[in-house]
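Participant: Take this structure first; my questions come after.
Any read-out appearing in this document is the output of simple, stated calculations on the displayed coordinates, not a laboratory observation. Every value quoted in this text rests on a predicted model; they were computed, and no experiment measured them. Because the Cβ atoms are built from the backbone with ideal geometry, glycine has one as well, and the counts that use them run over all protein chains shown.
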Amino acid sequence: MEKQFTYRTLSYSDLGHIDYQKAWNLQHEIFNKRLSNEVSDTLLLLEHSNTYTLGKSSNKANLLFSDVELQQKNIAIYNIDRGGDITYHGPGQIVGYPIINLSLWQKDTHKYLRTLEEVIIQTLLEFGVNGERNDDHTGVWVGNNKICAIGIKVSRWITMHGFAFNINTNMDFFNGIIPCGIMDKGVTSLSIELNKNVDLNLVKKKIVNNFCEIFNYNKIVLC
C-alpha cells in the first residue's frame, strides 16, 4: 500500500559537508521518492566544496577564471538543470535544497520563490540584518549586495535545488564569476554584515524554524 503523508510534515536532514555530485544524486533520489509519495516533503541543509554551478540560462562569459585557474584553485564546475545563471558554492555557505510537493501547497512557482526569500529575510532579521527583495532579480539582498542566491527546478510540481546563503563564505571565489550574470551588483555574507564569524548550526536552526513556520509545517522528522 502506498504510504500517505501530508504537506504539514517536513523531513529534515543536515548533511554537513558533502560533494556536489553526491548531493545532486541524493536530490534526484528524494525527488523520485517524493513523486511516488514514498517520503514526505524534505529539506536538506549542507555545505559544498568549492564549486561553480551553471544554470539553464547561464552565459559561459560569466565564468571569468581560466581552466588553469580552476584547476589550481580546485574548483569544480557543473552544468545543472536549475533556473538562473552561474553561482558559487563553498565552505561557510549554507545551501538549502527543499524537495516539496507544491500541489499540496500552492501551484505557483513565483509564490514559491518569494516564500523562499521570506524564509531568508526572516532569518536575517533574527541577526539584526535587514534583507530585501529586488524587483529585477531573484534572491535576498542587503543594500546593493546579494547575500542569498536562489535557483530552482520544478517538475510535476515537485521542487529541486533551492538557495545558497552566504554566512562565513570566502568571498574571494566570487571573483572568478559574474554572480548570477549581474554585473552592476555585489555580494555579501552574514559574517561581513555582522563583522564576525557566525555559528552555522545556529543559522541552520533558525532557517528550519522559519521554513516550517512560513510554509506551515507543524511536524519535523529528522532523516
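Participant: Order these peptides, 47-57, 141-151, by their mean beta-carbon neighbour count within 10 angstrom, highest first.
Facilitator: My ranking of the peptides, most packed first, is 141-151, 47-57.
Participant: Could you list, in their original order, any pairs among Lys22/Lys153; Lys107/Lys153; Lys107/Lys205; Lys33/Lys153; Lys111/Lys153 whose Cα atoms are separated by more than 20 Å?
Facilitator: From Lys22/Lys153; Lys107/Lys153; Lys107/Lys205; Lys33/Lys153; Lys111/Lys153, over 20 Å: Lys107/Lys205.
Participant: Among Thr159, Thr188, which comes first, then next, by fewest other beta-carbon atoms within 10 Å?
Facilitator: Taking fewest neighbouring Cβ atoms as first place, the list is Thr188, Thr159.
Participant: Answer with a single label: of (1) 25, 23, 17; (2) 41, 17, 14; (3) 27, 20, 16, which was calculated as semi-axes √(5λ) of the Cα gyration tensor in Å from the structure in view?
Facilitator: Computed from the coordinates, semi-axes √(5λ) of the Cα gyration tensor in Å corresponds to (3).
Participant: Bins of 5 Å, beginning at zero and ending with the bin holding the largest distance: percent of Cα pairs per bin for the stretch 61-110, please.
Facilitator: Taking all Cα pairs of the stretch 61-110, the binned fractions are 4, 12, 17, 22, 15, 11, 7, 6, 4, 0 percent.
Participant: Expressed as a rounded percentage, what relative contact order does the chain have, with Cα pairs under 8 Å and six or more residues apart?
Facilitator: Taking the mean separation of contacting Cα pairs over the length of the chain, I get 25 percent.
Participant: What's the exposure ranking of His110, His137, going from fewest to most Cβ atoms within 10 Å?
Facilitator: Ascending Cβ contact count within 10 Å gives the list His110, His137.
Participant: Enter the Cα centre distance for the pair the stretch 74-139 and the stretch 13-42, rounded to the nearest angstrom.
Facilitator: 17
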